[in-house]
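Student: Submitted below is the structure of interest, expressed as structure tokens.
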Amino acid sequence: MAKRNKIAIIGAGNIGGELAMLVARRELGDAVLLDIPEKEGVAKGKALDIMQTGALDGFDSKVSGTADYKDIAGSDVVIVTAGVPRKPGMSRDDLLSINLKIIRSVAAGIKEHAPHAFVVVISNPLDAMVYEMKKVTGFPKERVVGMAGVLDSARFQCFIAEAAGASVKEVRTLVLGGHGDTMVPVLSACTINGIPVTQLVAKDKLDAIIDRTRNGGGEIVKLMGTSAYTAPAAGAIAMAESYLKDQKRLLACATYLDGEYGYKDLYMGVPVIVGGKGVEKVVQIALSAEEKAMLDKSAEAVRGLINDSAKL
Ligand code: A3D
């Protein structure tokens, strides 16, 4: 008998709710929203709300809410959003000590109850959280990734489309490195339907766009008083879908590096192929000396966070 995919979402907050909605709307499988016991009602309520949307939108995915890890058993994918988001004036790194404790307990639950899942981490500070997830679960590197580069690339894509007056569908961008102020937008890999973006958008405009992309998350936090949640959810769904459907999309994901790009024992955003085996390949592209220097700086920042985590 054909089996539906099961997607567990840990953290039924803003991103968690969006994720469950996307899983259901796209009929990627059935979704389980898990939160802490004090928020079990929110998880169950959001699940019911989405199920009832199915009657209007015409989808059959089942969505349920829980605070019990037993309910994530057999999940094909687990997406982790548990943790606190930024408030205005906070950096992602300010969240380290609080979210580290949360990730450790979540990772233990996933290890015990969904040992074969492909795990996508969204909680911040992203690169340190996904590193901890791999450490605690002991899952192979192919099955533990972080979502950030997909979102940062989407922001870059959106701003370029606006500046060029072109459809966002024609724009391709790549943002590598850690998810923070040191992220590296790779201009040499940015095109509008194959035409280098540098031929179509003036340099001063591109410089301003790169700056805006680096601060893309902060811009939204300042406006809304909390983190973005729609595009971050869509980013994680793109990764999960590529895994579930073996699409082999080339996406910028926070991936465990074991010598690639010259970095070892580190999670950082690089281009990878995501297919049915998880991260099937780390794609190594030629970077300019300037881009490599920026990536080194980003790796150093991530390394600092990972070292801080080890002390907590
Ligand atoms: P929010 O709406 O507060 O939801 C987080 C949920 O996690 C809440 O419902 C909490 O109750 C729940 N939670 C806390 N501890 C646990 C636990 N131990 N087990 C299960 N659930 C728990 O936040 P959000 O959804 O807006 O953001 C979630 C995380 O994603 C934050 O850390 C954000 O900083 C991060 N984020 C990352 C990106 C990236 O691009 C990497 C973008 C936006 C937000």
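The values are calculated or read from the model by the stated rules, or taken from the named source; none is laboratory data. Since the structure is predicted, the reported quantities are computational estimates derived from the model, not experimental observations. As a convention, Cβ positions derive from the backbone with ideal geometry for all residues, glycine included, and neighbour counts pool all protein chains shown.
Student: Within segment 96-107, identify whether any single residue is at pLDDT below 95 and more than 10 Å from the ligand (Cβ to nearest atom), and answer yes or no.
Tutor: yes
Student: Does segment 260-283 contain any residue that is of a type in the set (A, V, I, L, M) and not in a strand (DSSP E or B)? Full working, then the answer.
Tutor: In the first step, residues of segment 260-283 are kept if they are of a type in the set (A, V, I, L, M); the result is 266, 268, 270, 272-274, 279, 282-283.
Still in the running and not in a strand (DSSP E or B): 283.
Yes - at least one qualifying residue is present in segment 260-283.
Student: Please determine, by comparing only the residues of segment 77-89 that are surrounded by fewer than 16 Cβ atoms within 10 Å (Cβ to Cβ) and in contact (Cβ under 8 Å) with a residue 24 or more places away in the chain, which one is farthest from Lys222 (Cα to Cα).
Tutor: Restricting attention to segment 77-89, the residues satisfying the condition of being surrounded by fewer than 16 Cβ atoms within 10 Å (Cβ to Cβ) are 87-89.
Filter again for in contact (Cβ under 8 Å) with a residue 24 or more places away in the chain, leaving 87-88.
Details: Lys87: 8, Pro88: 5 Å.
Within segment 77-89, the match that is farthest from Lys222 (Cα to Cα) is Lys87.
Residue-wise test of (1) assigned to a helix (DSSP H, G or I); (2) within 20 Å of Val80 (Cβ to Cβ).
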| position | (1), (2) |
| --- | --- |
| Asp204 | yes, no |
| Gly217 | yes, yes |
| Leu223 | yes, no |
| Ala233 | yes, yes |
| Ala236 | yes, yes |
| Gln247 | no, no |
| Met294 | yes, no |
| Val302 | yes, yes |
| Ser309 | yes, yes |
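Student: Identify, from the list Ala12, Ala67, Ala47, the residue that is surrounded by fewer than 21 Cβ atoms within 10 Å (Cβ to Cβ) and among the small types (Gly, Ala, Ser).
Tutor: On the way: Ala12 fails: surrounded by fewer than 21 Cβ atoms within 10 Å (Cβ to Cβ); Ala47 fails: surrounded by fewer than 21 Cβ atoms within 10 Å (Cβ to Cβ).
Residue meeting the stated conditions: Ala67.
Student: Related question: Of all residues in segment 133-152, how many are more than 10 Å from the chain's Cα centre (by Cα), touching a residue at least 60 places away in the same chain (Cβ under 8 Å) and buried (at least 24 other Cβ atoms within 10 Å of the Cβ)?
Tutor: Quick first cut of segment 133-152, residues more than 10 Å from the chain's Cα centre (by Cα) only: 133-144.
In the following step, the residues that additionally are touching a residue at least 60 places away in the same chain (Cβ under 8 Å) were identified as 134, 140-144.
Applying the additional criterion that residues be buried (at least 24 other Cβ atoms within 10 Å of the Cβ) yields 144.
Qualifying residue count for the region: 1.
Student: Pairs, please: C-beta under 6 Å, at least 6 apart or cross-chain, first residue more than 14 Å from Asn5 (Cβ to Cβ) and in a strand (DSSP E or B) and in segment 19-40, second more than 10 Å from the ligand (Cβ to nearest atom) and not aromatic (Phe, Trp, Tyr)?
Tutor: Between residues of segment 19-40 that are more than 14 Å from Asn5 (Cβ to Cβ) and in a strand (DSSP E or B) and residues that are more than 10 Å from the ligand (Cβ to nearest atom) and not aromatic (Phe, Trp, Tyr), the close pairs are Leu33/Ala20; Leu33/Ala47; Leu33/Gly65; Leu34/Thr66.
Student: What number of residues within segment 2-48 are away from the ligand (no atom under 15 Å from the Cβ) and farther than 21 Å from Gly74 by Cα?
Tutor: 2
Student: Here's another thing I want to ask about it. Which ones in segment 86-130 are in a loop (DSSP other than H, G, I, E, B) and under 14 Å from the mean Cα position of the chain (by Cα)? Outline the logic, then answer.
Tutor: So in segment 86-130, the residues in a loop (DSSP other than H, G, I, E, B) come out as 86-91, 114-117, 122-125.
Ile122, Ser123, Asn124, Pro125, listed by residue number.
Student: Would you check if Glu40 is buried (at least 17 other Cβ atoms within 10 Å of the Cβ), among the acidic types (Asp, Glu) and in the same structural domain as Tyr69 (by TED's automatic domain parsing)?
Tutor: Numbers: buried (at least 17 other Cβ atoms within 10 Å of the Cβ): yes; among the acidic types (Asp, Glu): yes; in the same structural domain as Tyr69 (by TED's automatic domain parsing): yes.
Here the answer is yes, as Glu40 does meet what is asked.
Student: If you check Gly178 against the conditions, is it under 30 Å from Ala31 (Cβ atoms), modelled with pLDDT under 95 and touching a strand residue (DSSP E or B) at 6+ places or on another chain (Cβ under 7 Å)?
Tutor: On the way: under 30 Å from Ala31 (Cβ atoms): yes; modelled with pLDDT under 95: yes; touching a strand residue (DSSP E or B) at 6+ places or on another chain (Cβ under 7 Å): yes.
Yes.
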